[in-house]
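Participant: Quick one: the structure is below, and I'll ask about it shortly.
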Amino acid sequence: VQLQASGGGLVQAGGSLRLSCTVSRGMFSIMNWYRQVPGKQRELVATISGGDSTQYADSVKGRFTIARDNAKNAIHLQMNSLKPEDTAVYYCNAHSGNVDFWGQGTLVTVSS
């Protein structure tokens, strides 16, 4: 299984970005977006699970939206009202049982 993340870039504070992640072998019921800043632990940002139930870290609630596109074997993360503290490498994750699959990460940089 391969996950390919894309959509990162440089944006000014208050701006928006849309991250995408395609999955090579179909969708998993639990898909996540994580982010990591150098020197810090990887942080769970958003989850979409069975029935398209969604959960978000408190720091992004109301600003980020996770969604899946089953026809394209993809998930997306719409990020609005971006803040400098959202700067990180963002990783998509597919979770099944005791197994996790990870994408390569895409860098998001938010300038103040």
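Participant: Can you tell me how many residues within the stretch 60-93 are acidic (Asp, Glu) and either part of a strand (DSSP E or B) or exposed (fewer than 14 other Cβ atoms within 10 Å of the Cβ) (or both)?
Facilitator: 2
Participant: Is at least one residue of the stretch 40-48 of a type in the set (S, T, N, Q), closer than 25 Å to Val99 by Cα, touching a residue at least 12 places away in the same chain (Cβ under 8 Å) and open to solvent by 40 Å² or more (accessible area, probe 1.4 Å)?
Facilitator: no
Participant: Restricting attention to the stretch 20-34, and to residues there that are open to solvent by 20 Å² or more (accessible area, probe 1.4 Å) and within 11 Å of the chain's Cα centre (by Cα), which single residue is nearest to Leu3 (Cα to Cα)?
Facilitator: Result: Ser20.
Participant: Follow-up. So which pairs qualify, if the first residue must be in the stretch 98-112 and of a type in the set (Ser, Thr, Tyr), the second must be assigned to a strand (DSSP E or B) and open to solvent by less than 20 Å² (accessible area, probe 1.4 Å), the Cβ gap must be under 7 Å, and the two must be at least 6 apart or on different chains?
Facilitator: Correct list of pairs: Thr106/Ala5; Thr106/Leu19; Thr106/Tyr90.
Participant: Shifting gears a bit: Has the stretch 75-94 got at least one residue that is at positive phi, at pLDDT below 95 and more than 14 Å from the chain's Cα centre (by Cα)?
Facilitator: No - not one qualifying residue is present in the stretch 75-94.
The values are calculated or read from the model by the stated rules, or taken from the named source; none is laboratory data. Keep in mind it's a predicted model, so treat the numbers as computed, not measured. Don't worry about glycine lacking a Cβ; one is built from the backbone with ideal geometry, like all the others, and counts go over all protein chains shown. Please note that ligands, DNA and RNA were not included when accessible areas were found on the heavy atoms of the full protein model with its side chains. Shrake-Rupley method; radii C 1.70, N 1.55, O 1.52, S 1.80 Å.
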